[in-house]
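Just so it is clear, none of the values below were taken in a lab; they were calculated from the coordinates. All values reported here derive from a predicted model rather than from experimental measurement. All Cβ positions, even for glycine, are placed from backbone atoms using ideal geometry, and neighbour counts span all protein chains on display.
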Amino acid sequence: MHSLFLHNTLSRRKEQFEPLEPQHVRIYLCGPTVYDLAHIGNARTMVVFDVLVRLLRVLYPRVTYVRNITDVDDKINARARESGEPIEQITARTAADFHADMAALGVLPPDEEPRATRHIPEMVELIQRLIASGHAYEAQGHVLFSVPSFPAYGQLSGHAPDELLAGARIDVAPYKRDPGDFVLWKPSPPDTPGWDSPWGRGRPGWHIECSAMSWRYLGETFDIHGGGTDLIFPHHENELAQSVCAFSGSRFARLWVHSGMLQINEEKMSKSLGNFFTAREVLAKAPAEAVRLALIRTHYRSVAEFSDAAVAEAKRELDRFYRALERYPDLGAADVPPPVMAALCDDLNTPLALSAMHGLADKALAGDFDSACGLRAAGGLLGVVQQSVDEWFRGGADRAAIEAAIAERREARRRRDYKRADAIRAEWSARGVVFEDRPDGSTSWSVVAGQEGR
RNA sequence: GGUCCGGUGGCAGAGUGGUGAUGCAGCGGACUGCAAAUCCGCGAAUGUGGGUUCGAUUCCCGCCCGGACCUCCA
């Protein structure tokens, strides 16, 4: 069996992965805060962890993958105030949109998808534990985590607490004992979502929901916790602090995996800068597998530039993979070929895995059936090359019109009217449908230039 | 200001202390009525200055450039 190596943010090194329970991997990923459509950067993280979980399921008999939905948050409240749309409607609609977008990208559902609002009691219990153990305190209706009570604070992000304060961008609330302290629970006015608690009607702070839900579904200590690099601080640092302090002797997540940011025109894509594409608009312009491939053509820890050109190139790459499968209508089940497996087991090196897949495609094109099966199996692990060849090249096209054009062109070619034959071919080529004449006189066709002709 | 990450062919993008993968694009050839696809072949890169070494793209230091984080963020 292959050994899996993963880069651990906590140690800043690549480590051999060994689950706490040898036969059972427990992994938690920070899911969406549901106030708006997912953008393509959110999608990257979801796709990266989808590949990781697919790999883990090959390597281990049991995987419990938890990805939460955060449906209580001040951004959601703000959105409701601006638009007048009820909060429950915003969160339900956005969660459904998220599910639809992820399904389109081939992101498989997690085993558990807990929602923050359904785990308030667990959050309250965690906060009580923190107060009881001296790691949290109540002040003016708020409950705050006491950063100085946890000497290891900063270990994940690599910052010393005083460094973090040096550049702090916000005013320090007067009720904080220490400027670095963060909110676990805060009071809610009557027009804002709130729950009864020992500290009055209120709502949770940003970080506690992940500590509560990972605890509920994965236990005090589990194997892998993931998210984008922008969550390392403060979100994951604070989760780590809360959970370790709430459960004496626990380690929370043993291995932290963080995926890099996407940029547009060399600038980080983010909702605050407004320079983002929603997954939805990207998917409207290109085949979903091409979008997915574009997201994994770069190693997950690197910053990656995202563009239409990158998706178009991914599309052409997939064209070649599908052509390699074209002559094999009945592909058999196969193991993922060793070079692909080895690449993925080395810190999820998807670009190297893809290069190995090109080697398989070459052999399949040369007539090797086993390589074709291996290529399909490798694609299954990455979540690409899973459609039928016909669907990929010809799905959604106007088959009747194209067949009619081919018949007319065949007739023209028969009487050696090449001018007419070429005109027909050029006309369809302009619509993205390429005609390919075979040696036996027949003509096959495929849609190669994006969505035109479909 | 502090911390961290990164600079590889035209573009995308891996690996590696010992003549630099892979893909896309380009060029030449085969095939084709012409194409397309496919096949064969070609050109093309390690930011910069030092150091260590028999040998550095890889390790170390400086510099330049880019990006991220420093309590909204995947």
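Taking all pairs of different Cα atoms in the stretch A:16-263, averaging 1/r and flipping that mean, what Kirkwood radius in angstroms comes out?
About 18.8 Å for the stretch A:16-263.
Measuring from label point to label point, each 7 Å out along Cα→Cβ, what is the A:Phe5 to A:Arg81 span in nm?
About 5.1 nm, to one decimal.
Could you estimate the translational diffusion coefficient of the stretch A:65-160 from the Stokes-Einstein equation, with Rh from the Kirkwood formula over C-alpha pairs, at 4 °C and 1.567 mPa s, in whole µm²/s?
For these conditions, the coefficient is 78 µm²/s.
Take the Cα coordinates of the stretch A:176-308, assign each an equal point scatterer, and use the Debye formula without solvent to give log10 I(q)/I(0) at q = 0.16, 0.18, 0.22 Å⁻¹.
Cα-only, vacuum Debye calculation for the stretch A:176-308: -1.00, -1.08, -1.23.
Using a Förster distance of 45 Å, how high is the FRET efficiency between A:Arg438 and A:Asp346, based on the Cβ-Cβ distance and rounded to 0.05?
FRET efficiency, A:Arg438 to A:Asp346: 0.60.
At A:Ala401 and A:Ala366, where each label point lies 7 Å from the Cα along Cα→Cβ, what is the point-to-point distance in nanometres?
Taking the two extended label points, one gets 4.2 nm.
Compute the angle between helix A:350-365 and the longest alpha-carbon principal axis of chain A, please, reported from 0 to 90 degrees and rounded to the nearest 10.
20
Shape call for the stretch A:286-392 from the C-alpha gyration tensor, a ≥ b ≥ c root eigenvalues: rounded (a/c under 1.5), prolate (a/b greater than b/c) or oblate?
oblate
For the cross-link pairs A:Lys271/A:Lys315; A:Lys75/A:Lys268; A:Lys271/A:Lys363; A:Lys315/A:Lys363, which exceed 32 Å when the distance is taken from alpha carbon to alpha carbon?
Over 32 Å Cα-Cα: A:Lys271/A:Lys363.
Amide H of A:Ser259: which non-local residues (sequence gap of 5 or more, or other chain) have their own amide H closer than 5 Å, using H built in the peptide plane?
A:Gly227, A:Gly228, A:Thr229
Hey, quick one: spin label on A:Ala92, modelled 7 Å out along Cα-Cβ, who in the stretch A:11-46 has an amide N within reach, i.e. under 19 Å?
Hits in the stretch A:11-46 for A:Ala92 at 19 Å: A:33-37.
Can you compute the radius of gyration and Dmax for chain A, using only the Cα atoms, both in Å?
26.0, 92
Using a Förster radius of 35 Å, what is the FRET efficiency between A:Asp390 and A:Val172 based on their Cβ-Cβ separation? Nearest 0.05, please.
Approximately 0.05, to the nearest 0.05.
Any idea how far the Cα center of the stretch A:212-278 sits from the one of the stretch A:377-428, in Å?
What the calculation gives is 46 Å, centre to centre.
What shape does the stretch A:19-127 take by its C-alpha gyration tensor, where a ≥ b ≥ c are the square roots of the eigenvalues and a/c under 1.5 counts as rounded, a/b above b/c as prolate, and the rest as oblate?
oblate
Kindly identify the stretch A:396-447 as rounded, prolate or oblate by the Cα gyration tensor criterion: order the square roots of the eigenvalues as a ≥ b ≥ c, call it rounded if a/c is under 1.5, otherwise compare a/b with b/c, prolate if a/b is larger, else oblate.
Taking the square roots of the gyration eigenvalues as a ≥ b ≥ c, the stretch A:396-447 is prolate.
Between A:Arg327 and A:Val303, what length comes free when the chain is fully extended (0.36 nm per residue of separation minus the Cα-Cα distance, one decimal in nm)?
Contour length minus Cα-Cα distance gives 4.9 nm.
Using only DSSP helix segments of four residues or longer, with each worth -39500 (n - 2.57), what per-residue ellipticity at 222 nm results for chain A after dividing by its residue count and rounding to 500?
-13500 deg cm²/dmol
What spacing in nm lies between the two simple spin-label points modelled at A:Ser270 and A:Asp422, each 7 Å away from Cα in the Cβ direction?
Label-label distance for A:Ser270 and A:Asp422, simple model: 5.5 nm.
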